[in-house]
Amino acid sequence: MKSHSLIVLALIVLFFSCKKETATYQSKTGNNSTTGIMLRNNETRTYKGPEVMIGNGKGRSLIVLDEKGNPLSLTIELNNEALTGLPDEETEYVLPLHRKAREATPFDHITVNWNPHGHEPEHVYDLPHFDFHFYKVSLHEQQSIPPYGPATAALFDNFPPMGYLPATYVPIPGGVPQMGKHWVDVTSPELNGQPFTKTFIYGTYNGQVTFFEPMATLALLQSNAASEANISQPQLFAPTGNFYPGAYRIDADGGNHYISLNNFTWQP
């Protein structure tokens, strides 16, 4: 979520068209702290998107696949330096996905949105935090979403049909340019008197679910604490014939921080 974000897209065309995507083959058993999942297969494959400058450091996306090519986790990796030297204004960083991630999941790209002073609603999300948007639409479609106003309100307020969002989620009034309409879970701790540390948001625009969004405070990431939560599931999915995540996890290994979508299940 944001109000007036500075879109950081320097060299993004270069990343998509020129920079080679890398693939790392791993052989591991037991707990994989890099992605916060329990690997039960002898062989997994991790494919990495290009690195993007964030703060004083770097970030990138990772997709972990099993031996059949099914997704085990889709992860944002931030090194320690990425949590330092961050600007004093809302800033968006675009993380391209490796081709394997776009093929194995419904997601097209990720944005990391830094909110140094938080955002609305006040007294809920007003702590320094990151919004991690996993978009199902293209970067062009995302950036074409206009500001909310009398001429565009019908697009933002055109909700998906019943069943495409979990029953406990409700829309926040208005909408955000280059994002859309945000939906919050009324059962979330921060909406029921507890401090905000992390939460999960859904996003929509013009009748479609367009993004999945874990949010986490800077303090939570800096603590290096491991934290995992289930993602409330809708009854219906679009597009069908794809894998969708059932949980998200935040953890660290001493040098990097990881925000992962995990527990993918096939939705025919």
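No value in this document is a laboratory result; all are computed from the given coordinates. Treat the numbers as computed from the prediction; the structure is a model and nothing was measured. A quick note on method: Cβ atoms are made from the backbone with ideal geometry, for glycine too, and the neighbour counts reach across all protein chains shown.
Ranking 95, 236 by Cβ neighbours within 10 Å, fewest first, what do you get?
Neighbour counts put them in this order, fewest first: 236, 95.
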Rg/Rh for the stretch 59-148: what does it come to with C-alpha atoms and Rh from Kirkwood?
1.02
Within the stretch 6-267, how many lysine pairs that are 8 or more places apart, or on different chains, have C-alpha atoms less than 17 Å apart?
12
Bins of 5 Å from zero: percent of alpha-carbon pairs in the stretch 141-268:
2, 10, 18, 19, 19, 16, 11, 4, 1, 0
Counting all C-alpha pairs of the stretch 6-267, share separated by more than 29 Å (%):
27 percent
Per-peptide average of other Cβ atoms within 10 Å, ordering 174-180, 80-86 highest first:
174-180, 80-86
Quick check on the exposure proxy: order 181, 48 from fewest to most C-beta atoms within 10 angstrom.
48, 181
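Quick one: putting +1 on the C-beta of Lys and Arg, -1 on the C-beta of Asp and Glu, what dipole do you get for the stretch 6-267 around its Cα centre, in Debye to the nearest 20?
Dipole magnitude for the stretch 6-267 comes out near 980 debye.
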Order of 62-75, 153-166 by packing, highest average Cβ count within 10 Å first?
62-75, 153-166
